[in-house]
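Nothing in this text is a laboratory measurement; each read-out follows from the coordinates by a stated rule. Quick caveat: nothing in here was measured; it's all calculated off a predicted structure. Every residue, glycine as well, gets a Cβ built from its backbone with ideal geometry; the counts of neighbours run over all protein chains shown.
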Ligand code: DOR
Ligand code: ZN
């Protein structure tokens with residue numbers, strides 16, 4: 001197959017930041033996707049519907065003129081969130097979910113949750129108003145090996161949340177382990193997962209073998225090969241519980257190529273071309289449209305898109321960097337060849 005036409009996809013997990021970075025990265029996302037779930041981990045975080053709407057307006061202003069891209073907003077779950085705000089969010093046509101970061105798990109997660117049971121009353125309200133909970137699923141115990149943090153979270157926390165709130169819609173974000181995949185498979189249809197391009201393309205050698213590669217460093221960290229294989233199998237299975245969420249997380253090159261580099265892979269410039277490499281390797285091009293264009297919309301109870309886009313088999317080289325004022329963002333697979341190109 002040399003060409004693939006599919007309904008325009010959506011990105012169900014995206015970081016766009018603000019200011020100059022926003023301007024650069026939102027154009028990349030809007031070229032490929034009709035909609036994206038916008039993560040709220042700004043500094044300061046997006047805590048209220050009003051802040052989410054204000055952020056949405058800034059995103060719309062940063063878009064290229066002709067774009068009809070629709071940012072789907074989220075709130076950041078803290079102990080201070082109120083039932084009233086959750087209800088307001090559920091009523092807003094622009095707020096679609098609430099994101100749970102365990103405190104200290106990742107970039108700008110300091111205001112996150114340290115006592116999960118403490119927020120159970122809020123989860124009860126979310127369950128009642130049917131507002132999805134998006135979870136960064138990693139324990140934050142500093143004694144826990146970083147490669148085990150997702151697996152531990154599944155066992156210690158996720159199971160309890162799902163048991164206590166069986167009707168709460170939950171997205172386990174950016175799953176990276178076989179354990180998380182198996183958990184999602186065994187749960188009800190209220191529980192789904194997003195999968196990133198880096199976790200289906202790479203195993204942990206890509207970070208650490210033959211030199212340390214900071215542009216492959218993200219959280220949850222990329223795991224062993226058998227986990228990658230489990231993720232590829234899930235993404236290409238045609239099971240609607242698994243859908244596209246890039247977790248594209250731009251950081252300036254200087255903050256990643258650093259003695260203490262930031263976590264995050266920048267993939268929005270060519271997200272579809274990155275994913276399709278993994279689908280082609282798995283002989284599953286026929287499963288790409290469900291994963292990229294249908295299952296996420298169905299889970300979020302939003303209409304599927306109707307326009308189409310086309311990807312063509314064509315080799316091109318990913319740029320070394322993208323400019324942001326006088327600085328740069330280094331993309332995932334910088335200077336490497338990709339085999340497909342969106343027309
Ligand atoms: O690698 C990551 N980067 N993981 C996250 O959970 C957050 C993200 C970011 O915002 O940079
Ligand atoms: Zn993320």
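Here are the numbers:
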| read-out | value |
| --- | --- |
| Length gained when the stretch residue 321-residue 186 is fully extended (0.36 nm per residue, less Cα-Cα span) | 44.5 nm |
| Simple label model, 7 Å out from Cα along Cβ direction - residue 2 to residue 339, nm | 1.6 nm |
| Footprinting exposure proxy for 73, 342, 1 (fewest neighbouring C-beta atoms within 10 Å first) | 1, 342, 73 |
| Packing-based exposure ordering (other Cβ within 10 Å, fewest first) of 316, 12 | 316, 12 |
| Rounded to 5, the percent of DSSP beta bridges in the chain classed as antiparallel | 35 percent |
| Gain in span if fully extended, residue 302 to residue 84, counting 0.36 nm per residue against the direct Cα distance | 76.1 nm |
| Label-reachable residues, region 1-34, where backbone N falls under 16 Å from a point 7 Å from residue 57's Cα toward its Cβ | 19 |
| Global geometry of region 10-80, whether rounded, prolate or oblate, following the gyration tensor of its Cα atoms and the 1.5 cut on a/c | prolate |
| Value of [θ]222 nm, deg cm²/dmol, for the chain, DSSP H segments ≥ 4, -39500 (n - 2.57) each, nearest 500 | -8500 deg cm²/dmol |
| 12 Å cut-off, amide nitrogen to a point 7 angstrom out along residue 208 Cα→Cβ, residues in region 138-162 | 145-148 |
| Tensor-based shape of region 205-343 (alpha-carbon gyration tensor, a/c under 1.5 rounded, otherwise prolate or oblate) | prolate |
| Rel. contact order, % - alpha carbon contacts under 8 angstrom, at least six apart, region 1-129 | 22 percent |
| Prolate/oblate/rounded label for region 3-342 (Cα gyration tensor, a/c 1.5) | rounded |
| For 291, 147, 69, order by how many other beta-carbon atoms lie within 10 Å, fewest first | 147, 69, 291 |
| For region 1-132, share of DSSP beta bridges that run antiparallel, in % to the nearest 5 | 0 percent |
| Extension reserve of the residue 31-residue 254 stretch, reckoned as 0.36 nm per residue once the Cα distance is removed | 77.7 nm |
| Pairwise centroid distance, computed over Cα atoms, of region 246-296 with region 136-159, Å | 23 Å |
